[in-house]
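Take a look at the structure below.
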Amino acid sequence: MSKTTNKFSPEVRERAVRMVVEQRAEYGSEWEVMKSIAAKIGNLHAAWRNKKTQTSTLLSLYADDGSTVITKSTTSDDGTTLTVGEFVSGP
């Protein structure tokens, strides 16, 4: 029997399953939907616990090792409102 640990609560896993069903039509296959949702949930989880850096134009989210950028987003700040663009995968 394999030993696995569940990184996410039952509620998060249930929501992920619902998201697969809801978004199935937007992707070429169920596998593509699952990969997309897994990446989103993984990045959200990392955003709460991992290192983040922000400059005037870029917000970077790091992997658990603290040195590898896993996602980044462009930012702009007009002095009153900070705007963060869509996160993209990779450094």
- Note on the structure: Within region 39-91, of all residues that are closer than 26 Å to ARG13 by Cα and of a type in the set (Asp, Glu), the one modelled with the lowest pLDDT is GLU86
- Query: With respect to ILE37, is the statement that it is among the hydrophobic types (A, V, I, L, M, F, W, C), surrounded by 12 or more Cβ atoms within 10 Å (Cβ to Cβ), closer than 18 Å to ALA63 by Cβ and in contact with a helix residue (DSSP H, G or I) (Cβ under 8 Å, 6 or more places away or on another chain) true?
  - Reply: no
- Query: Which of the residues that make up region 24-68 are of a type in the set (Ser, Thr, Tyr), in a loop (DSSP other than H, G, I, E, B) and not assigned by TED's automatic domain parsing to the domain that holds GLY79?
  - Reply: TYR27, SER29
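The values are calculated or read from the model by the stated rules, or taken from the named source; none is laboratory data. Predicted, not measured: the structure shown is a model, and the values here were computed from it. Using ideal geometry, Cβ is built from the backbone for each residue, glycine included, and neighbour counts are taken over all protein chains shown.
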